[in-house]
Amino acid sequence: MKRAIAILFWGCLAFAQPEKWPAALEADVKSAHWAAAERVGRALAEEIDAGRMFATFAESGAEAKARNLFADALEQNGKPSEALIQRCLARGVLAVDTSSSCAARAALERGRRIAHLKAEVLARQVKIPASFPVASNGRVTVLAFSASWCAPCAAELDRLRKFDHPRAQVMMLDVDLLSAAQKSSYVPLESLAGPEVPRLYVLDRQGNIRFYLIGFEDDGFFTEELNWMVDAIG
């Protein structure tokens with residue numbers, strides 16, 4: 001009796017920890033515990049639908065896996081129509097498909113992810129006084145440092161050449177063409193003056209650093225992120 005109570009207690013404790021549900025779902029499916037898998041999968045799907053789990057684009061693969069495992073359990077428990085929805089959402093998380101039967105739900109989930117990404121980007125806003133020798137011309141300045149030998153720089157510069165915001169200007173500088181004095185002038189703060197490129201700063205009209213990015217991630221949202229930054233500076 002005590003052992004049964006202990007098992008129930010630890011089972012309830014695990015179920016109260018959503019971060020453990022994906023592993024529990026996978027274990028239940030592998031061991032063919034279909035009732036338990038459906039219970040965990042349903043709770044996990046509710047957390048996902050509410051935006052409390054797998055909220056970022058980086059977690060799309062994990063969400064797709066969880067939804068497919070949940071679909072396995074639903075099929076085994078005689079609920080094929082629910083399983084089809086979960087498989088459709090799993091596909092929609094990985095690639096936009098406006099013709100799918102679950103396109104509207106998938107679009108809502110994508111919208112939540114974009115809102116989460118925007119909040120993350122804007123949470124990085126700072127206000128660091130700097131003395132970049134750049135004329136603002138009444139606009140926000142996007143100042144990008146790159147180098148000809150830097151492969152990620154080429155991809156970032158390609159996006160920057162296409163970037164068009166009515167309240168922003170773009171400046172692109174090759175670090176190998178700057179003198180030591182110019183480098184010191186452009187990046188006067190030691191904490192931001194590392195050798196890494198690409199390195200991008202978004203400056204307000206007074207020349208303050210408001211956002212900065214080190215490296216380039218080709219996630220398909222670079223232009224949107226720049227727009228969010230410029231709009232946040234106003």
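No lab work stands behind these numbers, since they all come straight from the coordinates. Since the model is a prediction, treat every value here as computed from it, not as a measurement. Don't worry about glycine lacking a Cβ; one is built from the backbone with ideal geometry, like all the others, and counts go over all protein chains shown.
Side notes on the structure shown:
- Rg over Rh, two decimals, the stretch 64-175 (C-alpha only, Kirkwood Rh): 1.21
- Average Cα contact separation per residue, the chain, under 8 Å, 6 or more apart, as relative contact order %: 17 percent
- For the residue pairs Lys30/Lys118; Lys79/Lys118; Lys118/Lys162; Lys20/Lys127, alpha carbon separations beyond 31 Å are given by Lys30/Lys118; Lys79/Lys118; Lys20/Lys127.
- Each stretch of four or more DSSP H residues adds -39500 (n - 2.57); spread over every residue of the chain, this sum gives -17000 deg cm²/dmol at 222 nm.
- Averaged over residues, the count of other Cβ atoms within 10 Å places the peptides 29-39, 156-166 in the sequence 29-39, 156-166, highest first.
- At 1.567 mPa s and 4 °C, Stokes diffusion of the stretch 126-233 via Kirkwood alpha-carbon radius, µm² per second: 93 µm²/s
- Charging the Cβ of each Asp and Glu at -1 and of each Lys and Arg at +1, and nothing else, the dipole of the chain about its Cα centre rounds to 520 debye.
- Mean Cβ count within 10 Å, highest first, over the residues of peptides 104-111, 129-136: 104-111, 129-136
- Tail fraction, Cα-Cα pairs, the stretch 2-121, threshold 27 Å, whole percent: 20 percent
- For Val40, net neighbour charge (Lys/Arg +1, Asp/Glu -1) across residues whose Cβ lies under 13 Å away: -2
- The chain - share of DSSP beta bridges that are antiparallel (%, nearest 5): 60 percent
- Positive-pole candidate from Met172, Phe221, Leu108, dipole of the chain, charges at beta carbon: Leu108
- Taking amide H as placed 1.01 Å from N in the peptide plane, Val170 has its amide H under 5 Å from the amide H of Val142, each at least 5 places away in sequence or on another chain.
- Hull shadow area, averaged, the chain [alpha-carbon convex hull, nm²]: 17.7 nm²
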